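Student: Please read through the structure below; I'll follow up with questions.
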């Protein structure tokens, strides 16, 4: 699973067998094994209790009810009291087993959930983006729930059922080996039927999964795209799409159900056959003197005890398909090695003081795509303010991503103050190098809490001070509750430009030595932008700043401008100089001036 | 019980969100009205049984026929389960015992016994088919029906309602909550059949021997009592677990949504701690659920088994009294054994009721939501050609925060007006009012002199096209995204793409117009998405085009080409454009300057420049900055020279 596009894709792991997934799952979550011995012992006791009643019935019928002198009440009382005591014991062990099982499995799965959550964050940005957000979320929610359902319900039921089948078989053998053989012969065809139906079922479930994906996509579109749907009056089109995906999902669900019911029905018919066979053969054996009435009656009850777990097992095996698929998806995430790994212990810290930047013959291409950057080789001295400009698609944003190690170059190396970026510990890198992405994503909290995301220990006063320093005090005061104003989901209660202001404040308080701005003010009005820029200039004096912008106002203010075209650095120098040269920058700048200045 | 395989299981409440979102609001505190938890919990605790049965009754009313089929199947199954026990008893009494006592039997008797046993099995299969297919069919149909109703409601409810509800909870209302509501339907017919079975069993017991029947009369009510006690105890625990599941999911969703911020600020450990704490809370809640369930299951197992033992004791007394025969005792004992399993179906239904009720409440929250956006019945104006737009004394409030105050301006037919103002001034809100995504709190928005609220549904969209600031791309082809429900030939689509400067990159896509874009399709850059959204508006040849900073992600050269194209082709269109850049403003015949929700100035660019200082500061900011820099540089040079 090295290609990012397949991260956590359920189909990517399909060849992996159910058993292997199970074993791997247990390996990765050793907590599931905690106290397993005790739990299994309790399960065994609980299972053993199930044969008590048939045996009690047999004993009572043969020795109590049909005794030589009529019903022997004393004997019956003894049988029944012993059986009742065992039953109560069974129930208590079952309860104890359940509690242990729930505690162990939930504890283990909470750990697994958290582990998977962390792992998603450790994956590279490219990996994260190649996944639908929703499917990443289900890795840590519903997929784990499916495992827990399997472990608590399916797994144990399967074990208990198996135990019950074995136990029933043993006792059946004690009563009559001929009848036992007969029962097994009847059930043999079921094994093949189950295998056949399960293959069909797996396909049917695959369709269900696919269609639920479509359904969720359609629902999400109707909710997230609500403004466009209204603005363009395409309600009917959306409704049609929703109806069709709802209906397709329903038919797929029903098709899967059909196979599951068919499997169960076959089991039921087989059970009928076994019962009939046992009566006929049992009577013949009885006539032969090999079986008493009580034994035959007990045997019939044992057949019921045998049928029930077999039926349950087929159901559990059907369900297990789901659970294992969920488990496989979670493992798929955990087994995906982050392709931009943190060197951690083996890594180095960045040297103290302002940071210089060096790109050494850097090449970069997105997976399966053409080269976005080709042979970029440049030095940015510490404490300079650099602007990267270029047309849309020229590769300028790639600079920011390489510099902050959101991605690694395909060839070449990026160095900060002489240290290769791959060797720098993330703890050091993220403290010293901060990027402000274009999409000013905010968490559903207050303005102040969002700024504190950059530095946790700030007081409300500190935060107000930060906004003041950035020249944004007026804006903050204009908010209904100042810094305590909630920003809403994804910050959507603020306008796009306002979100960018908060994102900049958040990066500013983090106090980095290298600040990377990726179109960080694209939706802010010019006056605010200029004010902010001026504030940042004086505040970030002494650190290195790299700003990517298509508003050339940023380039005008920078110490140096780097012009990128088709993945290569084509020009470089101070704004004033580049403007005079006949080159791409002069043209870009001319159209910028044209757009922004009065004539 | 079939648990459908789903990417997103019923427990996963908050769901994926589109890649980008369209609901950009200008400033304003969004009042998030999720149904109050305490309230829901309280309701669930007080009379969950009654309310849950009410929900089941709704289900029966919706699908009476299929319900009848499944209950018949279930009753058949139940009846035969009881009958099966008696058949076994009868076979024992009439064939086995006589045969073994007398030492001989006939082939006929054996064949009859076998045939009866097989016949019962086949009929039971028939019952199972009816019951399970019926129950599944009913469950899936109800889910589909409510998904349709909920999503229909989403499409009908006004955007202001959408703004008040988090995306995640809307997604889970249509998916997880609907699923939870109808979850008990799967075992419901089985449970109803079991009740029938218990009645039949009681009847059979009474017919056999009234004293033995007393055992049944003691055990069956005990089963009910345990079930009821179980669902009472379970309800609050279940509700809490469900709530925590939602919280875990919401947290994961937000955290993954903001993954870039988490990564660039190195906050992975903090996020993991935040998530881990919630996961532990959820664990504790689930363990609490497990403890109750762990007690319930063995209790439900033990009750009928204890019943069997009681039958043996009572049976022995009755046998001695000569009231019954051995076969009767065996039948009754067997009956209790086979009852053990179906009786649990009642537990399944009752156990799922709490969750069902919570789901139902949440679904009803959507279905009964008020605040529709009523449409008038005026058709779209007959006129073709550019539309005239007027805003008269418009005021707008987000929550309690006033966003627009007394905004009045007009755009004459065929004119282009630029809406300019600082960040957070309310410009985007004006555009959403014009496209009638929201209605003003006060005042009127008029198109061709008619209040837009009087127009019938769809009439406004026929003439007005809005390109929002953040673009939304549908999971569809490029053609589907541009045409978006309008039937236009490909050359019109290409023409629009050309005007939006999007034709070049669309041609470069692997399948051109047929390339899938959107979340699962080709990934597009921000600038490309914006141009696609622009083409979507242009292909409609709108009478009024509203652009909300619609070229912010497009670089200057491309933007200039777009603007030139618009200027040449937009003669038949009235344009309202939110803009910062001078070139865009230059397109406009007039400028409206908005500041803190008020119109502060209006006139030509030159007029505003001379009259409105705020406007001047805004549009000349870059020149000022450049002048300042030059001044600074000159000063520096002078300093150096002096030195």
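The values are calculated or read from the model by the stated rules, or taken from the named source; none is laboratory data. Every value quoted in this text rests on a predicted model; they were computed, and no experiment measured them. Quick reminder, even Gly has a Cβ in these numbers, built from the backbone with ideal geometry, and neighbours come from all protein chains shown.
Student: I need the full set of residues from the range A:396-410 which are farther than 21 Å from residue A:425 by Cα and surrounded by fewer than 23 Cβ atoms within 10 Å (Cβ to Cβ), in order please.
Tutor: A:397
Student: Separate question: Do we find that residue A:521 is assigned by TED's automatic domain parsing to the domain that holds residue A:373, buried (at least 24 other Cβ atoms within 10 Å of the Cβ) and at pLDDT below 90 in this structure?
Tutor: Here the answer is yes, as residue A:521 does meet what is asked.
Student: Any residue in the range A:265-283 that is more than 10 Å from chain B (Cβ to nearest Cβ) and on the phi < 0 side of the Ramachandran plot?
Tutor: No, the range A:265-283 has no match at all.
Student: Next question, about the same structure. Across the range B:572-585, which residue is surrounded by the most Cβ atoms within 10 Å (Cβ to Cβ) among those that are more than 8 Å from every other protein chain (Cβ to nearest Cβ) and touching a helix residue (DSSP H, G or I) at 6+ places or on another chain (Cβ under 9 Å)?
Tutor: Looking at residues that are more than 8 Å from every other protein chain (Cβ to nearest Cβ) and touching a helix residue (DSSP H, G or I) at 6+ places or on another chain (Cβ under 9 Å), I get B:576.
Student: Another question, if that's okay. If we only count helices (runs of 4 or more DSSP H) wholly inside the range A:484-599, which ones have 1 or more residues that are within 38 Å of the chain's Cα centre (by Cα)? Please lay out each step first, then the result.
Tutor: Values: elements: A:496-509, A:526-539, A:553-557, A:575-580, A:584-596.
Filter on the range A:484-599 gives A:496-509.
Student: Does any residue of the range B:420-433 turn out to be in a strand (DSSP E or B), out of contact with any strand residue (DSSP E or B) (no Cβ under 8 Å at 6 or more places or on another chain), outside the structural domain of residue B:177 (by TED's automatic domain parsing) and crowded, with 22+ Cβ neighbours inside 10 Å?
Tutor: Taking every residue of the range B:420-433 in turn, none turns out to be in a strand (DSSP E or B), out of contact with any strand residue (DSSP E or B) (no Cβ under 8 Å at 6 or more places or on another chain), outside the structural domain of residue B:177 (by TED's automatic domain parsing) and crowded, with 22+ Cβ neighbours inside 10 Å.
Student: Quick check, is residue A:448 assigned to a strand (DSSP E or B), in contact with a helix residue (DSSP H, G or I) (Cβ under 6 Å, 6 or more places away or on another chain) and either at pLDDT 90 or above or within 9 Å of chain B (Cβ to nearest Cβ) (or both)?
Tutor: When the stated conditions are applied, residue A:448 does not pass them.
Student: Next question, about the same structure. One residue is enough: does the range B:236-258 have a residue meeting the conditions assigned by TED's automatic domain parsing to the domain that holds residue B:332 and more than 24 Å from the chain's Cα centre (by Cα)?
Tutor: No, because not a single residue in the range B:236-258 is assigned by TED's automatic domain parsing to the domain that holds residue B:332 and more than 24 Å from the chain's Cα centre (by Cα).
Student: Continuing with this model, one more query. If we scan the range B:284-301, do we find a residue that is assigned to a helix (DSSP H, G or I), within 30 Å of residue A:443 (Cα to Cα), in contact with a helix residue (DSSP H, G or I) (Cβ under 9 Å, 6 or more places away or on another chain) and more than 7 Å from chain A (Cβ to nearest Cβ)?
Tutor: So far as the range B:284-301 goes, yes, one or more of its residues are assigned to a helix (DSSP H, G or I), within 30 Å of residue A:443 (Cα to Cα), in contact with a helix residue (DSSP H, G or I) (Cβ under 9 Å, 6 or more places away or on another chain) and more than 7 Å from chain A (Cβ to nearest Cβ).
Student: Name the single residue that is surrounded by the fewest Cβ atoms within 10 Å (Cβ to Cβ) among those in the range B:316-330 being more than 7 Å from chain A (Cβ to nearest Cβ) and touching a helix residue (DSSP H, G or I) at 6+ places or on another chain (Cβ under 9 Å).
Tutor: Here the answer is B:321.
Student: So which of A:255, A:226, A:239 is more than 9 Å from every other protein chain (Cβ to nearest Cβ), modelled with pLDDT of 85 or more, over 30 Å from residue A:170 (Cβ atoms) and out of contact with any strand residue (DSSP E or B) (no Cβ under 9 Å at 6 or more places or on another chain)?
Tutor: A:255
Student: Let me ask you something else. Name every residue in the range A:397-413 that is over 25 Å from the mean Cα position of the chain (by Cα) and assigned to a helix (DSSP H, G or I), in order of residue number.
Tutor: A:397, A:398, A:399, A:400, A:402, A:403
Student: Is it the case that residue B:378 is away from chain A (no Cβ under 14 Å) and at pLDDT 90 or above?
Tutor: Against the criterion (away from chain A (no Cβ under 14 Å) and at pLDDT 90 or above), residue B:378 does not qualify.
Student: Out of the range A:68-107, which residues are in contact with a helix residue (DSSP H, G or I) (Cβ under 7 Å, 6 or more places away or on another chain), in a loop (DSSP other than H, G, I, E, B) and on the phi < 0 side of the Ramachandran plot?
Tutor: A:71, A:72
Student: Please go through the range B:599-643 and give me each residue that is within 24 Å of residue B:426 (Cβ to Cβ), more than 13 Å from chain A (Cβ to nearest Cβ) and not in a helix (DSSP H, G or I), ordered by number.
Tutor: Residues satisfying the conditions are B:599, B:600, B:601, B:602, B:603.
Student: Still on this structure: Go through (1) part of a strand (DSSP E or B); (2) at the interface with another protein chain (Cβ under 10 Å from one of its Cβ atoms); (3) more than 30 Å from residue A:528 (Cα to Cα) and name the single condition residue B:443 misses.
Tutor: (2)
Student: So, one more: For the condition at the interface with another protein chain (Cβ under 7 Å from one of its Cβ atoms) and either assigned to a helix (DSSP H, G or I) or surrounded by fewer than 24 Cβ atoms within 10 Å (Cβ to Cβ) (or both), what is the one hit in B:126, B:142, B:133?
Tutor: Working: B:126 fails: at the interface with another protein chain (Cβ under 7 Å from one of its Cβ atoms); B:142 fails: at the interface with another protein chain (Cβ under 7 Å from one of its Cβ atoms).
After ruling out the rest, the residue left standing is B:133.
Student: Which of the residues that make up the range A:208-223 are within 13 Å of residue A:247 (Cα to Cα) and more than 7 Å from every other protein chain (Cβ to nearest Cβ)?
Tutor: A:211, A:214, A:215, A:218, listed by residue number.
Student: Another one. Going by the conditions given, is residue A:440 closer than 22 Å to residue A:527 by Cβ, within 26 Å of the chain's Cα centre (by Cα) and in a loop (DSSP other than H, G, I, E, B)?
Tutor: Yes: the conditions hold for residue A:440.
Student: Quick test of your reading of the structure: residue B:478 fulfils all but one of (1) within 12 Å of another protein chain (Cβ to nearest Cβ); (2) buried (at least 24 other Cβ atoms within 10 Å of the Cβ); (3) in contact with a strand residue (DSSP E or B) (Cβ under 7 Å, 6 or more places away or on another chain); (4) under 25 Å from residue A:439 (Cβ atoms). Name the failing condition by number.
Tutor: (1)
Student: Could we say that residue B:550 is crowded, with 24+ Cβ neighbours inside 10 Å, at pLDDT 75 or above and more than 15 Å from residue B:492 (Cβ to Cβ) here? Walk me through how you get there before you give the answer.
Tutor: Details: crowded, with 24+ Cβ neighbours inside 10 Å: yes; at pLDDT 75 or above: yes; more than 15 Å from residue B:492 (Cβ to Cβ): yes.
Taking the combined requirement at face value, the residue satisfies it.
Student: Output the helices (runs of 4 or more DSSP H) that fall wholly within the range B:452-529 and possess 3 or more residues being more than 30 Å from residue B:389 (Cα to Cα) and more than 25 Å from the chain's Cα centre (by Cα), or say none.
Tutor: Passing ranges, in order: B:503-508.
Student: Also, quick follow-up: Look at the range A:460-493 and say how many of its residues are under 23 Å from residue A:515 (Cβ atoms) and away from every other protein chain (no Cβ under 12 Å).
Tutor: 12
Student: Among the residues of the range B:72-87, are any outside any helix (DSSP H, G or I), within 22 Å of residue B:331 (Cα to Cα) and touching a helix residue (DSSP H, G or I) at 6+ places or on another chain (Cβ under 9 Å)?
Tutor: no
Student: Return yes when residue B:309 is more than 33 Å from the chain's Cα centre (by Cα), crowded, with 22+ Cβ neighbours inside 10 Å and part of a helix (DSSP H, G or I) and no when it is not.
Tutor: yes
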